[in-house]
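Values in this text are rule-based calculations from the coordinates and carry no lab data. The structure displayed is predicted, hence computed values, not measured ones. Cβ sites come from the backbone with ideal geometry, for glycine too, and all protein chains shown count toward neighbours.
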Amino acid sequence: MRRLHGGRVQKVSVAAGFTCPNRDGALGTGGCTFCNNAGFTPGYLDRRDGIHAQIDTGLRFLDRRYPGTARFIAYFQSYSNTYGEMARLRACYEEALAHPRISGLAIGTRPDCLPDAVLDYLAELARTRIIELEVGVESCDDAVLARVNRGHDFACSEDAIRRAAHRGLAVTAHLILGLPGETPASMLEAAARLSALPLTALKLHQLQLVRGTAMARDWARDPASVPLFEEEAYIALLADFIERLSPAILLQRLGSEVPPALKLAPHWNMRLSQLAPRLSAELARRDSWQGKHWTAPAA
């Protein structure tokens, strides 16, 4: 971002009031078993405010935290932000882009909420703006996706990512490591499967149990049914995963933090800011790097 845009580019979260086909009955109700959007919605957001006002609030917070930021992009983060009528999508995106300090958009969504018309419109915006599409893949294992009530399979993610990248859009995938039913082998296989896709970037998240979710209720009844990573085991898995990941894929995130009031488990003695240095130390100990065990596709 510094190379492309002359300095740090920071996301300003906004909540536009979208929902999800896995919540409104189109696919199902209740959402994914791990999901409580309050767990990753910034505390400074007030959903009752309009998009312009939310951006102003976020900028006041971020100007203090990240002084000297070159550009800001509006981050449509909560729920599925391409799930709606085109007229409403245009209105929300263009209200954000009309803010004088906003240079582009980051749009979080599901792979089954990306019709061609939406991708064509985003590709048009990307000619003059920073546009980043964030697609929730979450797992590359269809049995795991079904178990967490995701409502789509991995082929749906592959198709959406390829159609978006074909239009020149920068696509970031989200992956949760440690969902029930995953194994070390399946998670490492995910690195290979994602490496075969035209991804620009990847966000990795460790499984965390958030109050108010179906998975948290399952864990309360039977903790063994939802195994959780201890921090050392997660760092080791990250290193194994990254060794098998294409070096062309940028890593935007290695883990996540849920607000303490909402998180049930796991409880680590490590802040998120310590994760990257500890991973770097583990890779150095192994004399390793991203892509060390990645196999490039045959020409």
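Would you work out the relative contact order for segment 2-286, in percent, from Cα pairs under 8 angstrom that are 6 or more residues apart?
16
Hey, what do the phi angles of segment 104-114 turn into as Karplus ³J(HN,Hα) couplings, whole Hz, using 6.51/-1.76/1.60 and θ = phi - 60°, x for Gly and Pro?
Taking θ as phi minus 60°, the curve returns x, 9, 10, 10, x, 7, 9, x, 8, 10, 10 Hz for segment 104-114.
Nearest 5 percent is fine: what portion of the DSSP beta bridges confined to the chain is antiparallel?
Given both bridge residues lie in the chain, the antiparallel proportion sits at roughly 5 percent.
Taking the mean number of other Cβ atoms within 10 Å as a proxy for protection, how do you rank 127-133, 269-275, 208-214 from highest to lowest?
208-214, 127-133, 269-275
Which percent, nearest 5, of DSSP beta bridges in segment 160-299 are antiparallel?
Close to 20 percent.
If we sort 79-85, 192-198 on the protection proxy, mean other Cβ atoms within 10 Å, highest first, what's the order?
Going by the mean number of other Cβ atoms within 10 Å, highest first, we get 79-85, 192-198.
List the cysteines of the chain that have no other Cys Cβ closer than 4.7 Å: which are they?
Cysteines lacking a close Cβ partner in the chain: 20, 92, 113, 140, 156.
Among 112, 49, 153, which one moves the most in a GNM of the chain with springs linking Cα atoms closer than 10 Å?
The residue with the greatest mean-square fluctuation here is 49.
Check residue 250: other-chain or 5+ apart residues with amide H under 5 Å from its amide H, H built from backbone geometry?
Long-range HN contacts for residue 250: 201, 202.
Would you compute, from DSSP H runs of 4+ residues alone, the mean residue ellipticity of the chain at 222 nm, taking -39500 (n - 2.57) per run and dividing by the full residue count, rounded to the nearest 500?
Computed ellipticity for the chain at 222 nm equals -10500 deg cm²/dmol.
Need the C-alpha centroid separation for segment 127-164 versus segment 198-218, integer Å.
Their Cα centres are 14 Å away from one another.
Which whole-Hz ³J(HN,Hα) couplings does segment 122-131 yield from phi under the Karplus relation 6.51 cos²θ - 1.76 cosθ + 1.60, θ = phi - 60°, glycine and proline marked x?
Those phi angles translate into 5, 5, 5, 4, 5, 5, 10, 10, 6, 10 Hz.
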